[in-house]
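Engineer: Provided herewith is a single structure, encoded as structure tokens, for subsequent inquiry.
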Amino acid sequence: MSQNLPHPGFSTILYEKRNATAYVTLNRPDVMNALNQQAIMELRTAFEDARADPQIRGVVITGAGKRAFIAGADISELSKATPIEAESQTRAGQALLDQIENLGKPVIAAVNGLALGGGCEIALASTIRLAAQGAKFGQPEIRLGLIPGFGGTQRLPRLVGKGVAMRLILTGEMVSAEEAFRVGLVDEMVEADGLIARAEAILEQIAANAPLAVAYAMDAVNQGLNAPLPVGLALEGKLFALCAATEDKKEGTTAFLEKRAPRFKGR
């Protein structure tokens, strides 16, 4: 059954919950779903609601219309920003993307069109990136006399390697969904009319597993990725031990031995 977010008055996004999935849609198609400060604030509210709702097991983020996922920052707003305001804006964007990356629940970016600037960076922060045929990706900030400010200079090279990231950031070029898939920016390409259904199918697979184990696995990858291997292995060991202390671990191993499907409860 569909539920509504208990925060009426959203003007830049659509937010709904069906079954165990939250759906976040940038809803500014007249400006290619560009991110302004109002959108960033509303996105943070929506993701916080999804994080806090125990019934929600994952999130799909996409853009309204067929042209754009999120086509970057709202340039009309950005062009008027003072240096102090610009720093405040970039910190707000970075905080949003940190929230997405560390939500404790999988976030799938269903990229249905242009994913540029902040839109590409939101995809980078998501757990899994799906792209429709015809989607395009890029970090064009350099063409405006700027650099990526929502984590693009940090997450992009970690995902695709330093050389590819440097080329994309320094040229500002857009790349096709096919090229994004080739270099590892995109995890899977999907026909446009099946994009949301594929995201739902992946989240359904994940939701069949123990919620705490999913959250701990995401923590192990996110926190260990940038740590020295011994530090990452130590973290993995601690989180493995935490999993072993859960009721879900007992249920999972018992169900395996009894040759039945487990009934996980998230504790």
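The values are calculated or read from the model by the stated rules, or taken from the named source; none is laboratory data. This one's a predicted model, so the numbers in the text were calculated from it and none came from an experiment. Quick reminder, even Gly has a Cβ in these numbers, built from the backbone with ideal geometry, and neighbours come from all protein chains shown.
Engineer: Taking strands (runs of 3 or more DSSP E) that do not extend beyond region 48-132, which have at least 3 residues that are without any contact (Cβ under 8 Å) to a residue 60 or more places away in the chain and either assigned by TED's automatic domain parsing to the domain that holds LEU185 or among the small types (Gly, Ala, Ser) (or both)? Before the answer, list the steps.
Structural biologist: Details: elements: 58-63, 68-71, 107-111, 114-116, 128-132.
Where strands (runs of 3 or more DSSP E) fall fully within region 48-132 and carry at least 3 residues being without any contact (Cβ under 8 Å) to a residue 60 or more places away in the chain and either assigned by TED's automatic domain parsing to the domain that holds LEU185 or among the small types (Gly, Ala, Ser) (or both), they are 68-71.
Engineer: Of the conditions (1) surrounded by fewer than 15 Cβ atoms within 10 Å (Cβ to Cβ); (2) more than 22 Å from GLU191 (Cβ to Cβ), GLN133 fails just one. Which one is it?
Structural biologist: (2)
Engineer: Of the residues that sit in region 181-209 and are under 16 Å from the mean Cα position of the chain (by Cα) and among the small types (Gly, Ala, Ser), which one is surrounded by the fewest Cβ atoms within 10 Å (Cβ to Cβ)?
Structural biologist: GLY184
Engineer: Does region 148-156 contain at least one residue that is without any contact (Cβ under 8 Å) to a residue 24 or more places away in the chain and out of contact with any strand residue (DSSP E or B) (no Cβ under 6 Å at 6 or more places or on another chain)?
Structural biologist: So in region 148-156, the residues without any contact (Cβ under 8 Å) to a residue 24 or more places away in the chain come out as 153-154.
Applying the additional criterion that residues be out of contact with any strand residue (DSSP E or B) (no Cβ under 6 Å at 6 or more places or on another chain) yields 153-154.
Within region 148-156, one or more residues are without any contact (Cβ under 8 Å) to a residue 24 or more places away in the chain and out of contact with any strand residue (DSSP E or B) (no Cβ under 6 Å at 6 or more places or on another chain).
Engineer: Kindly list the number of the only condition in (1) of a type in the set (Asp, Glu); (2) in contact with a strand residue (DSSP E or B) (Cβ under 6 Å, 6 or more places away or on another chain); (3) surrounded by fewer than 21 Cβ atoms within 10 Å (Cβ to Cβ) that fails for ASP53.
Structural biologist: Exception for ASP53: condition (2).
Engineer: Quick one: which of GLY194, GLY172, GLY184 is in contact with a Pro (Cβ under 9 Å, 6 or more places away or on another chain) and either at pLDDT below 95 or not hydrophobic (A, V, I, L, M, F, W, C) (or both)?
Structural biologist: GLY172
Engineer: In addition: Would you confirm, using the coordinates I've provided, whether VAL175 is outside the structural domain of GLY252 (by TED's automatic domain parsing), crowded, with 18+ Cβ neighbours inside 10 Å and touching a strand residue (DSSP E or B) at 6+ places or on another chain (Cβ under 6 Å)? Spell out the reasoning first.
Structural biologist: Details: outside the structural domain of GLY252 (by TED's automatic domain parsing): yes; crowded, with 18+ Cβ neighbours inside 10 Å: yes; touching a strand residue (DSSP E or B) at 6+ places or on another chain (Cβ under 6 Å): yes.
The answer is yes for VAL175.
Engineer: Residue by residue through region 68-83, note down the ones that are surrounded by 15 or more Cβ atoms within 10 Å (Cβ to Cβ) and closer than 18 Å to CYS120 by Cβ. Talk me through it step by step, then tell me what you get.
Structural biologist: Within region 68-83, the first condition is being surrounded by 15 or more Cβ atoms within 10 Å (Cβ to Cβ), and the residues that meet it are 68-74, 77-78, 81.
ALA68, PHE69, ILE70, ALA71, GLY72, ALA73, ASP74, LEU78 - these are the residues of region 68-83 that are surrounded by 15 or more Cβ atoms within 10 Å (Cβ to Cβ) and closer than 18 Å to CYS120 by Cβ.
Engineer: Here's something else I'd like to know. Could you tell me whether region 60-67 includes any residue that is among the aliphatic types (A, V, I, L, M), exposed (fewer than 15 other Cβ atoms within 10 Å of the Cβ) and farther than 22 Å from PRO157 by Cβ? Steps first, answer last, please.
Structural biologist: Pass one, region 60-67, residues among the aliphatic types (A, V, I, L, M): 60-61, 64.
Filter again for exposed (fewer than 15 other Cβ atoms within 10 Å of the Cβ), leaving none.
No.
Engineer: While we're here: Conditions first: (1) surrounded by fewer than 18 Cβ atoms within 10 Å (Cβ to Cβ); (2) under 28 Å from ASN112 (Cβ atoms). VAL231 passes all but one, so which condition is the exception?
Structural biologist: (2) is the only condition that VAL231 fails.
Engineer: If we only count helices (runs of 4 or more DSSP H) wholly inside region 150-263, which ones have 1 or more residues that are under 24 Å from ALA20 (Cβ atoms)?
Structural biologist: On the way: elements: 152-160, 162-171, 177-183, 195-207, 211-224, 229-244, 247-257.
Output list reads 195-207, 211-224, 229-244, 247-257.
Engineer: Please verify whether region 85-93 includes one or more residues that are at pLDDT 90 or above, in contact with a strand residue (DSSP E or B) (Cβ under 7 Å, 6 or more places away or on another chain) and aliphatic (A, V, I, L, M). First the steps, then the outcome.
Structural biologist: Of region 85-93, the ones at pLDDT 90 or above are 91-93.
Within this subset, residues satisfying the condition of being in contact with a strand residue (DSSP E or B) (Cβ under 7 Å, 6 or more places away or on another chain) are none.
Among the residues of region 85-93, not one is at pLDDT 90 or above, in contact with a strand residue (DSSP E or B) (Cβ under 7 Å, 6 or more places away or on another chain) and aliphatic (A, V, I, L, M), which makes the answer no.
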